[in-house]
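Following this message is one structure expressed as structure tokens.
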Amino acid sequence: MKKLIVTIDGPAGAGKTTVSRKLADRLGYRYIDTGALYRGVAYEASHLGISSEDDERLKRLCRDLKLNLTRSKDGLRLIANGVDITSRIRTPEITMLASAVSARAPVRDYLLGLQRELGKEKCAVFEGRDMGTVVFPDADIKFFLIASQKTRALRRYNELKLKENMTIEKVEEDLTRRDANDSNRDLAPLKAAADAVIIDSTDLNADGVVSAMMAHIEDV
Ligand code: DC
């Protein structure tokens, strides 16, 4: 089997998570959800009352933080200093805070090292925002997944509505704000690498996207 690093970047709600998981399963690779790592830092900062603008305290937090992604029968678990925080990182508050802390240099520096360490063994699908541009500029194959804003908002709403009291309008508003934060920041903004394959998932289901990706991977 080929030993590749596959990167999948794109805006929130484009379907990256479902597709990355399925693609990793098809390839027998590890799936690395790098957004969960940013969410983990955000959760720890909020737990300790650290502001997303306090670079000094964020730096100390990262210095003392050991984040781990482990596999379990119900998917990936995020472990922070030995505590499983998986069920606490998907609230709307942590979602917005993750976007805010992800713009800060100490957080990006810390996670850059961690992500590259996780990539050393190759055979992994990395999902995020800057996988193909910054973390793995030499990745074997890079994808950038997009979908129309309405489609993305609807997907996110369907995911959240069971857990949170959200309206589609609020979901779309949060998504737009987050995309603007993630795309306009100075450090590692969300954008497609020049050599990324762009796939529009507006009219494709997850299996359709995975098949399109597999066709490109077979050519590598
Ligand atoms: O993919 P997600 O929604 O779980 O990511 C949460 C936030 O983390 C997102 O708003 C931007 C940030 N992020 C990032 O800046 N770089 C990454 N590689 C992954 C996520």
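The values are calculated or read from the model by the stated rules, or taken from the named source; none is laboratory data. What you are looking at is a predicted structure, and each value in this text was computed from that prediction instead of being measured. A quick note on method: Cβ atoms are made from the backbone with ideal geometry, for glycine too, and the neighbour counts reach across all protein chains shown. Ligands, DNA and RNA are excluded from the accessible area calculation, which covers all protein heavy atoms including side chains. Shrake-Rupley method; radii C 1.70, N 1.55, O 1.52, S 1.80 Å.
Within the accessible area of the stretch 5-209, what % is carbon and sulfur when the probe is 1.4 Å and the other protein chains stay in place?
Taking all protein chains in place, the stretch 5-209 shows 50 percent carbon and sulfur surface.
Which pairs in the list LYS120/LYS163; LYS16/LYS122; LYS73/LYS163 are over 28 Å apart, alpha-carbon to alpha-carbon?
Distance filter (> 28 Å) returns LYS120/LYS163.
Would you please put 194-205, 31-42, 86-97, 144-155 in order of how densely packed they are, using the mean number of other Cβ atoms within 10 angstrom per residue and starting with the highest?
Details: 194-205: 15.0, 31-42: 23.1, 86-97: 16.6, 144-155: 18.9.
My ranking of the peptides, most packed first, is 31-42, 144-155, 86-97, 194-205.
What nm distance separates the two modelled labels at ASP200 and GLU159, each placed 7 Å from Cα along Cα→Cβ?
Label-label distance for ASP200 and GLU159, simple model: 2.2 nm.
Highest first, please rank the peptides 119-126, 173-180 by the mean number of other Cβ atoms sitting within 10 Å of their residues.
Peptide ranking by packing, descending: 119-126, 173-180.
Once R0 is set to 25 Å, what does the formula 1/(1 + (r/R0)^6) return for the Cβ-Cβ distance between ASP25 and LEU187, expressed as a FRET efficiency to the nearest 0.05?
Once rounded, the FRET efficiency stands at 0.20.
Can you figure out the FRET efficiency of ASP207 with ASN81, using R₀ = 45 Å and their beta-carbon distance, to the nearest 0.05?
About 0.75, to the nearest 0.05.
Would you work out the Kirkwood radius for the chain? I mean one over the mean of 1/r across all pairs of different Cα atoms, in Å.
Result for the chain stands at 17.7 Å.
I've got another one for you. Quick one: accessible area per residue over the chain, 1.4 Å probe, rounded to a whole number of Å²?
Value for the chain: 50 Å² per residue.
When we measure straight from the Cα of LYS170, which lysines land under 20 angstrom away, once same-chain ones fewer than 8 places off are left out?
Straight-distance partners of LYS170: LYS150, LYS161.
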